[in-house]
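For reference, the structure discussed in these notes is given below.
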Amino acid sequence: MHPDLAKLVVLQEFDIEAKRLRDQIAALPRLVAALELKAAATQGQRAVVLDLIAKEEALRRRLESDIADQRLKLVRTQKKIDAATNTIQVTALEHEAAFARAEINRMEDAELESMERSEALDAQQAIADQTVAELAQQLQRERTRTNNLLAIDRAALAEIDAKRSALRAEIAQSDTGEDSLATYDRISRSKGTAVSQAIHQQCSACQMMVRPQRWNDLRDNSAESPASQTMMTCENCGHLLYYDPARDTPQPKPVRSESIAAQIVRSSI
Ligand SMILES: [Zn+2]
């Protein structure tokens, strides 16, 4: 393998890990943001319930006050009836009294209905209080967990970035290093990754077969081999190809199935 390529293989591992960490760091706060939205929505729902409770209370205060007015009016009317001297006056006043009593009844009914609504609203508020409290706790836990994970990921990323920089500097020191890095960066930019392992005579990036001569060159680890002199690319996808004998394990042989009869015959021989 070309000496630069051996280092680029490691560089790619660092780059992939750095990208994974960056993606994770970007994704981590999303759950917190979603929970914050949910918490805000729940608080909004609770505020609506509280507002309705306040309105019912205000309605009952108004009704109480109006009922008290009507009762006063009734007392006054009753006094006027007692003091009345003719039937016409009495009839008119009794009309007034009846109206006041009907009004009092109507408003007392309205007050009862309001109290029933308040009871239902109180139950809703209890649920809303609980949900708000639970979400606040969940949010707090998630914030702590996220911050811990972010700290771990950021530390890991800083470590990987330092390793990447050091490795790039090391690669750049060889005669071909700058060019190799430029090739690596160019392929990385267009394809996401630059280096692809050839396994079982296949490019692992595009799965295309490597032609026999190229495959032989790739596997030839001598100093004179083309793969040691230059960085070879996949003819199909353009990735830099490398061969790692340690990872190119032989294909597992298919298990030979033997009938029970055949086994018996074999064991009896
Ligand atoms: Zn390929």
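The values are calculated or read from the model by the stated rules, or taken from the named source; none is laboratory data. Please read all numbers here as calculations on a predicted model, not as lab measurements. Here Cβ is always computed from backbone atoms with ideal geometry, including for glycine, and neighbour counts include all displayed protein chains. For accessibility, only protein heavy atoms count, side chains too; no ligands or nucleic acids. Shrake-Rupley method; radii C 1.70, N 1.55, O 1.52, S 1.80 Å.
So, Ser190, is that one out of contact with any strand residue (DSSP E or B) (no Cβ under 7 Å at 6 or more places or on another chain) and among the polar types (S, T, N, Q) or not?
yes
Could you please find all residues in the range 45-80 being open to solvent by less than 70 Å² (accessible area, probe 1.4 Å), free of Cβ contacts under 8 Å to residues at least 24 places away in the same chain and more than 47 Å from the chain's Cα centre (by Cα)?
Ser65, Ala68, Thr77
Among the candidates Ala158, Ala223, which residue alone is out of contact with any His (no Cβ under 9 Å at 6 or more places or on another chain) and under 17 Å from Pro3 (Cα atoms)?
Exactly one of Ala158, Ala223 is out of contact with any His (no Cβ under 9 Å at 6 or more places or on another chain) and under 17 Å from Pro3 (Cα atoms), namely Ala223.
A quick yes/no check of all residues on (1) crowded, with 17+ Cβ neighbours inside 10 Å; (2) β-branched (Val, Ile, Thr); (3) more than 35 Å from the chain's Cα centre (by Cα); (4) modelled with pLDDT under 95:
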{"residue": "Ile127", "(1), (2), (3), (4)": "no, yes, no, no"}
{"residue": "Gln140", "(1), (2), (3), (4)": "no, no, no, no"}
{"residue": "Arg143", "(1), (2), (3), (4)": "no, no, no, no"}
{"residue": "Leu150", "(1), (2), (3), (4)": "no, no, no, no"}
{"residue": "Glu178", "(1), (2), (3), (4)": "no, no, yes, no"}
{"residue": "Pro212", "(1), (2), (3), (4)": "no, no, yes, yes"}
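From the residues in the range 8-39 that are without any contact (Cβ under 8 Å) to a residue 60 or more places away in the chain and open to solvent by 60 Å² or more (accessible area, probe 1.4 Å), which one is nearest to Gln130 (Cα to Cα)?
Filtering the range 8-39 for residues that are without any contact (Cβ under 8 Å) to a residue 60 or more places away in the chain and open to solvent by 60 Å² or more (accessible area, probe 1.4 Å), the one nearest to Gln130 (Cα to Cα) comes out as Leu37.
For the structure I just gave you, tell me whether Thr42 is under 30 Å from Leu139 (Cα atoms), assigned to a helix (DSSP H, G or I) and either open to solvent by less than 50 Å² (accessible area, probe 1.4 Å) or modelled with pLDDT under 95 (or both).
Yes: the conditions hold for Thr42.
Looking at (1) modelled with pLDDT of 85 or more; (2) part of a loop (DSSP other than H, G, I, E, B); (3) under 21 Å from Ser204 (Cβ atoms), find the lone condition where Leu241 falls short.
Exception for Leu241: condition (2).
Restricting to the range 234-243, give me the number of residues that are open to solvent by 20 Å² or more (accessible area, probe 1.4 Å) and within 8 Å of the ligand (Cβ to nearest atom).
4
Take Glu94 and decide whether it is in contact (Cβ under 8 Å) with a residue 12 or more places away in the chain, assigned by TED's automatic domain parsing to the domain that holds Leu150 and of a type outside the set (S, T, N, Q).
Answer is yes for this residue.
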